[in-house]
């Protein structure tokens with residue numbers, strides 16, 4: 001007694017295939033033993049089955065005169081649902097390191113022709129514990145309800161969200177070896193119609209933020225509510241404005257400046273500011289492709305950001321065209 005040889009393995013497979021064919025294709029065996037008989041059903045007739053010298057049903061084709069081996073030219077016919085078919089599919093699936101259905105079909109057809117092979121292979125792969133474990137997906141939470149400013153129509157920039165982008169390196173002037181400095185993008189986005197306004201700031205400080213806010217209010221009008229992340233520049237500005245409001249002497253003066261309600265996201269929750277995070281991503285999309293590795297002057301950088309603002313506003317107009325002309329007029 002020794003190891004199983006290739007000839008013994010081939011004979012064992014032929015015996016198993018013969019018994020399976022006698023069980024599932026008994027009627028077909030009787031028809032193939034008679035000459036000039038119409039084969040039914042059409043699903044089997046279209047593969048042109050025939051009996052070989054070992055009385056095994058094989059599939060005919062157009063490769064009779066090729067130099068391929070007999071099994072590749074005329075594969076053995078097997079049913080879709082049988083124990084032997086399942087064993088063969090599982091063997092090929094494990095031998096080829098848990099390959100997918102397409103690869104297993106191409107490998108199987110070098111020796112076997114399984115009726116409805118793709119469905120049979122998918123059923124076997126579906127039962128594979130290893131493949132199921134690696135295909136498992138993590139449960140995804142349901143999306144939360146949109147806040148009130150996102151779903152109620154108001155004047156543009158009545159409800160405003162803000163975020164910073166950068167830093168970006170700019171030159172002081174166009175002369176050679178000019179000193180470079182950092183600038184940041186201050187983005188204001190309307191919560192209702194997603195219109196954007198871009199300002200350039202030189203520092204991440206409360207003073208620079210208040211200056212950008214003044215420029216925004218002078219051009220776009222006063223807002224009613226202001227939403228932002230928990231950045232130190234925002235909280236510092238809010239703290240500074242609150243202290244000023246406590247002073248009766250300057251309360252009236254500051255109220256005329258920026259009278260609005262401040263809303264901060266929860267700490268470590270950037271997903272709550274998805275509206276302005278997406279807008280920052282859209283701005284960076286154009287900036288990276290236009291700037292590349294060059295360093296612009298402050299004037300050139302400001303011009304570029306204003307052009308990007310115009311491009312995104314045009315995009316928002318087309319996006320909101322179905323909501324009526326009133327929205328488009330407000331964006332103009």
Within the range 24-40, tally of residues that are in contact with a helix residue (DSSP H, G or I) (Cβ under 9 Å, 6 or more places away or on another chain) and part of a loop (DSSP other than H, G, I, E, B): 5
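Could you identify the single residue in 313, 250 that is part of a helix (DSSP H, G or I), within 19 Å of residue 196 (Cα to Cα) and either at pLDDT below 65 or touching a strand residue (DSSP E or B) at 6+ places or on another chain (Cβ under 9 Å) (or both)? Give the derivation first.
Details: 250 fails: within 19 Å of residue 196 (Cα to Cα).
Within the list 313, 250, the selection yields 313.
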What is the one condition in (1) more than 23 Å from residue 278 (Cβ to Cβ); (2) in contact with a strand residue (DSSP E or B) (Cβ under 9 Å, 6 or more places away or on another chain); (3) at pLDDT 80 or above that residue 173 does not satisfy? (3)
Exclusive hit being under 23 Å from residue 35 (Cα atoms), touching a residue at least 40 places away in the same chain (Cβ under 8 Å) and touching a helix residue (DSSP H, G or I) at 6+ places or on another chain (Cβ under 9 Å), set 76, 84: 76
Evaluate the following for residue 133: is it without any contact (Cβ under 8 Å) to a residue 12 or more places away in the chain, under 30 Å from residue 291 (Cα atoms) and surrounded by fewer than 11 Cβ atoms within 10 Å (Cβ to Cβ)? no
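Matching residues to (1) in contact with a strand residue (DSSP E or B) (Cβ under 9 Å, 6 or more places away or on another chain); (2) surrounded by fewer than 11 Cβ atoms within 10 Å (Cβ to Cβ); (3) on the phi > 0 side of the Ramachandran plot; (4) modelled with pLDDT under 90:
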{"residue": "34", "(1), (2), (3), (4)": "no, yes, no, yes"}
{"residue": "40", "(1), (2), (3), (4)": "no, no, no, yes"}
{"residue": "48", "(1), (2), (3), (4)": "yes, no, yes, yes"}
{"residue": "52", "(1), (2), (3), (4)": "yes, no, no, yes"}
{"residue": "55", "(1), (2), (3), (4)": "no, no, yes, yes"}
{"residue": "60", "(1), (2), (3), (4)": "yes, no, no, yes"}
{"residue": "85", "(1), (2), (3), (4)": "yes, no, no, no"}
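The values are calculated or read from the model by the stated rules, or taken from the named source; none is laboratory data. Predicted, not measured: the structure shown is a model, and the values here were computed from it. Note that each Cβ is placed from the backbone with ideal geometry, even for glycine, and that neighbours are counted across all protein chains shown.
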